[in-house]
1. Report, to two decimal places, the Cα Rg of segment 42-103 normalised by 2.2 N^0.38 Å (N = number of residues).
2. Between Ala92 and His152, with labels modelled 7 Å along Cα→Cβ, what's the label distance in nm to one decimal, could you check?
3. Suppose we take every Cα in segment 124-194 and form the convex hull; what volume per residue is that in Å³?
4. Set the bar at 25 Å for Cα to Cα. Now go through Lys119/Lys158; Lys98/Lys158; Lys150/Lys170; Lys17/Lys119; Lys17/Lys150 and name every pair that lies beyond it.
5. Checking the a/c ratio against 1.5 first, then a/b against b/c, what shape does the Cα gyration tensor give for segment 71-211?
6. Give the dimensionless ratio obtained when the Cα radius of gyration of segment 1-138 is divided by 2.2 N^0.38 Å.
7. Can you give the extra length, in nm with one decimal, that the chain gains between Tyr195 and Thr10 once fully stretched, where that is 0.36 nm per residue apart less the Cα-Cα distance?
8. To the nearest 10 degrees, how steeply does helix 166-175 sit against the main Cα axis of the chain, on a 0 to 90 scale?
Amino acid sequence: MENKNVFIMTHPLIQHKISLLRDQRTGTNEFRKLIEEIATLMGYEALSDLPLEDVEVTTPIETCMTPMIAGKKLAIVPILRAGLGMVNGILALVPTAKVGHIGLYRDHETHEPHEYYCKLPSPIELRTICVLDPMLATGGSAVAAVDFIKQHGGKNIKFMCIIAAPEGLKRLQEAHPDIQIYIGHMDRQLNENAYICPGLGDAGDRIFGTK
Ligand code: PRP
Ligand code: URA
């Protein structure tokens, strides 16, 4: 499979923070902060191709043409629940971004995603859309979220996850070869319960302190 749309992070700060996330001793408060910080660092990379246009600005010295983000800007779409943990990290970079939500949970037996809530900013067609979910495991949730966004007219889609399994990356690439995929770290494999190994456990539970 062609990899030109897949970006795997190598920055030492991102790798260090992911290692802290993995540690089972990391409590909810620190876990949340780390997820947000990693989202900001990854967002800096993922948004490096936002289009610019020159606008006129008057400085205290003179008037000049200077670049600003062009067009309809950004929509952020977290996959509930765990994707919520990444939202403020991206809003720190682009405070004016619109935020949609896609609610999916994985069935414990089949591991297939079930939809329970979806609301996107409208119109969505001209926006760059960043789908956020810390975990790309089987890929079922990511594929369903991108399906939904495309059905509503979304075109320029980026998927950002902190940890991915090879199985999930393959499934997402096969279903949506046109989207850009940003990954904090590629892990080894899924286990028999479709959890990522070594992973970090259940991201939603660790962010929200549930079990
Ligand atoms: C987790 C995670 C992803 C999904 C990944 O959510 O946040 O959305 O699993 O798994 P997949 O790639 O196999 O679909 P979960 O369904 O546990 O819901 P939660 O975020 O509400 O805990
Ligand atoms: N969802 C999670 O939160 N963790 C995994 O390892 C797999 C799916």
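Quick note: the coordinates plus some simple rules give every number you see, no bench work behind them. In this text the structure is predicted, and so the values were computed from the model without any measurement. Quick reminder, even Gly has a Cβ in these numbers, built from the backbone with ideal geometry, and neighbours come from all protein chains shown.
1. Scaled against compact globular proteins, the figure is 1.44.
2. 2.6
3. Details: hull volume 5.0 nm³, N = 71.
Cα convex hull per residue, to the nearest whole number: 70 Å³.
4. Values: Lys119/Lys158 18 Å; Lys98/Lys158 15 Å; Lys150/Lys170 19 Å; Lys17/Lys119 31 Å; Lys17/Lys150 32 Å.
Those over the limit are Lys17/Lys119; Lys17/Lys150.
5. Working: a/c = 1.66, a/b = 1.48, b/c = 1.13.
Prolate is the answer for segment 71-211, as a/c is 1.5 or above and a/b outweighs b/c.
6. Numbers: Rg = 18.0 Å, N = 138, 2.2 N^0.38 = 14.3 Å.
Its radius of gyration relative to the 2.2 N^0.38 Å reference: 1.26.
7. 64.3 nm
8. 60
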